[in-house]
Amino acid sequence: MTDVFDSEFARNPWPELARLRASGGVHRIRTPDGPSAWLVTRYRDVRAGLLDDRLSTHVRHANAEDYQGFTVPPPLNANLLNTEPADHVRLRSLVTGEVSPRRLAEWTRLAPELVNSCLWTLNSGQTVDLVERLAVPLPAAVLGELLGLDGPTREYLLGWANSTLLPSASPPRARDTLATMLAIITDTIEHARTHRTDTVLGRLVAAHVDTGSPSADELAGLLFYLLFVWYEVLVDLIAGAVLTLLGRPDQREILRSMSDKEAAVDELLRHLSPQVLAGPRFATTELTIGAATIRPGQAVLLCLAAANHDPEIFDRPEELDLTRDRGPQLALGYGVHACLGNGLVRTVTAAVLAHVDARWPDTVLAVDKREILWRSGFRHRGPLVLPVRLG
Ligand code: HEM
């Protein structure tokens, strides 16, 4: 049994992941929450695992001893990962139209405005924490636009994000955080029900009222997913991308000359892999991965970060190389559960990088890079603070 996820892993997981990949690739590990799981680290096994329908994301297939993932109470657990295939296809189709190429083109116009709305009060020469001023508020602005949230709900969402994601002397208890999430979801649905609007949320609520699909619980689970599950990882990507580029003037220079900035985001996604693990999978039958025999009900953690740094697939994987061919990286998942926020994440992050660089090209870190603390490192990873001097 291996303990993998210590505090050093958060800052620099790569040596440990390389060791695990080289020594068999599939290991029985103890999760920080206590229970055990299989950790899969080689690219080919991770990709195959994401496509394997013998591995279910539904916690109903989990056994009592193994890791069961981040469990939430009903109705929040009626979400996209915690469904059987037929319900998953139905629920996913309710959202896919909302992230069509036409909608994404609208985002290309909107994203710079949203980035600017977080930064317009800042000036050259100031020292600021870009996690607090940019990475945390921006997803609230993005999700507010995507879902058509009214002003008070956006404020409420931002309040939740500030209290949960910024370092604090007295972090909120998990129970209080869940209660806040549930209250935001309930208010949001109620508001959309009474003010029928032509927004993603308005359309989801109308589908619920008119057809019963999604059901009330599914609607809450879907919103839980769209509002909260991806919030933190988007914060991690934005902060991680800015931090990484501040330390690499050569890559910043390349970025300036790139017409397709989203290709750069692709490489930053691979390099940083802000979501370390895919959601846990549970074996519905006995199967083998590499040399390991997985028993029914056991938890399988597919390590996206380890796959994205597998030297069998990526040449010099530890190197950030924005000119690298857009490869088959797995940072946004793959297969039936692949990220629905995919296009949005690329567009928004590209807008952040372009805006910060154009407005403050001489920005530098205000502390030594080694002093920056990174959050958790188990499910996802990103800098906790990002003090910079704007220039
Ligand atoms: C940096 C930001 C993000 C990263 C790294 C990320 C990553 C991922 C990954 C790895 C998965 C696959 C999970 C699995 O197979 O276990 C996923 C699924 C998903 N993502 Fe994202 N995501 C991000 C942002 C977003 C945003 C902003 C949204 C929504 C607005 C979103 C919506 C979803 C949804 C709905 C799914 C589930 C799809 C399904 O189960 O069918 N993601 N994401």
Pairs, first assigned to a helix (DSSP H, G or I) in the stretch 235-252, second polar (S, T, N, Q) and crowded, with 24+ Cβ neighbours inside 10 Å, C-beta under 7 Å, six or more apart
L237/T349; I238/T349; A241/T349
Qualifying helices (runs of 4 or more DSSP H) (wholly inside the stretch 82-169; at least 3 residues being touching a Leu at 6+ places or on another chain (Cβ under 7 Å) and within 30 Å of D53 (Cα to Cα)):
85-96
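How many residues does the stretch 247-262 hold that are closer than 15 Å to A350 by Cα and away from the ligand (no atom under 16 Å from the Cβ)?
10
Yes/no per residue for (1) touching a Lys or Arg at 6+ places or on another chain (Cβ under 6 Å); (2) outside any helix (DSSP H, G or I); (3) more than 16 Å from the ligand (Cβ to nearest atom); (4) among the basic types (K, R):
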| site | (1), (2), (3), (4) |
| --- | --- |
| R203 | no, no, no, yes |
| A206 | no, no, yes, no |
| F228 | no, no, no, no |
| A264 | no, no, no, no |
Under the condition of being out of contact with any Pro (no Cβ under 6 Å at 6 or more places or on another chain), within 30 Å of T127 (Cβ to Cβ) and small (G, A, S), which residue from the stretch 332-362 is farthest from the ligand (Cβ to nearest atom)?
A358
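Give P172, P137, P152, P112 a once-over and let me know the one that is farther than 18 Å from V235 by Cβ, out of contact with any strand residue (DSSP E or B) (no Cβ under 8 Å at 6 or more places or on another chain) and surrounded by 14 or more Cβ atoms within 10 Å (Cβ to Cβ).
Among P172, P137, P152, P112, only P112 is farther than 18 Å from V235 by Cβ, out of contact with any strand residue (DSSP E or B) (no Cβ under 8 Å at 6 or more places or on another chain) and surrounded by 14 or more Cβ atoms within 10 Å (Cβ to Cβ).
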Exactly one condition in (1) buried (at least 17 other Cβ atoms within 10 Å of the Cβ); (2) of a type in the set (A, V, I, L, M, F, W, C); (3) within 25 Å of N77 (Cβ to Cβ); (4) in contact with a Pro (Cβ under 8 Å, 6 or more places away or on another chain) is false for V131; which is it?
(3)
If we ask which residues in the stretch 206-242 are among the small types (G, A, S) and within 24 Å of R375 (Cβ to Cβ), their number turns out to be 3
Residues in the stretch 253-262 that are assigned to a helix (DSSP H, G or I) and of a type in the set (S, T, N, Q) total 1
Would you call L320 hydrophobic (A, V, I, L, M, F, W, C), at pLDDT 95 or above and under 18 Å from R248 (Cβ atoms)?
yes
Of the residues in the stretch 92-104, how many are at pLDDT 85 or above and of a type in the set (A, V, I, L, M)?
2
Among (1) assigned to a helix (DSSP H, G or I); (2) touching a residue at least 12 places away in the same chain (Cβ under 8 Å); (3) farther than 22 Å from A86 by Cα, F70 falls short only on (1)
Flagged pairs (Cβ under 6 angstrom, 6 or more apart or on separate chains; first in the stretch 144-163, among the β-branched types (V, I, T); second part of a helix (DSSP H, G or I) and crowded, with 20+ Cβ neighbours inside 10 Å) are T153/T188
Determine which single condition L51 fails, assuming it passes every other condition in (1) in contact with a helix residue (DSSP H, G or I) (Cβ under 9 Å, 6 or more places away or on another chain); (2) surrounded by 15 or more Cβ atoms within 10 Å (Cβ to Cβ); (3) not basic (K, R).
(2)
Check on D325, more than 16 Å from the ligand (Cβ to nearest atom), without any contact (Cβ under 8 Å) to a residue 40 or more places away in the chain and surrounded by fewer than 19 Cβ atoms within 10 Å (Cβ to Cβ)
yes
Do you know which of the residues in the stretch 31-43 that are surrounded by fewer than 22 Cβ atoms within 10 Å (Cβ to Cβ) and farther than 15 Å from V300 by Cβ is modelled with the lowest pLDDT?
D33
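Going by what's in this entry, would R370 be described as more than 16 Å from the ligand (Cβ to nearest atom), closer than 24 Å to A278 by Cβ and either surrounded by fewer than 20 Cβ atoms within 10 Å (Cβ to Cβ) or of a type in the set (A, V, I, L, M, F, W, C) (or both)?
No: the conditions fail for R370.
The values are calculated or read from the model by the stated rules, or taken from the named source; none is laboratory data. Keep in mind it's a predicted model, so treat the numbers as computed, not measured. Counting neighbours? That spans all protein chains shown, and the Cβs are built from the backbone with ideal geometry, glycine included.
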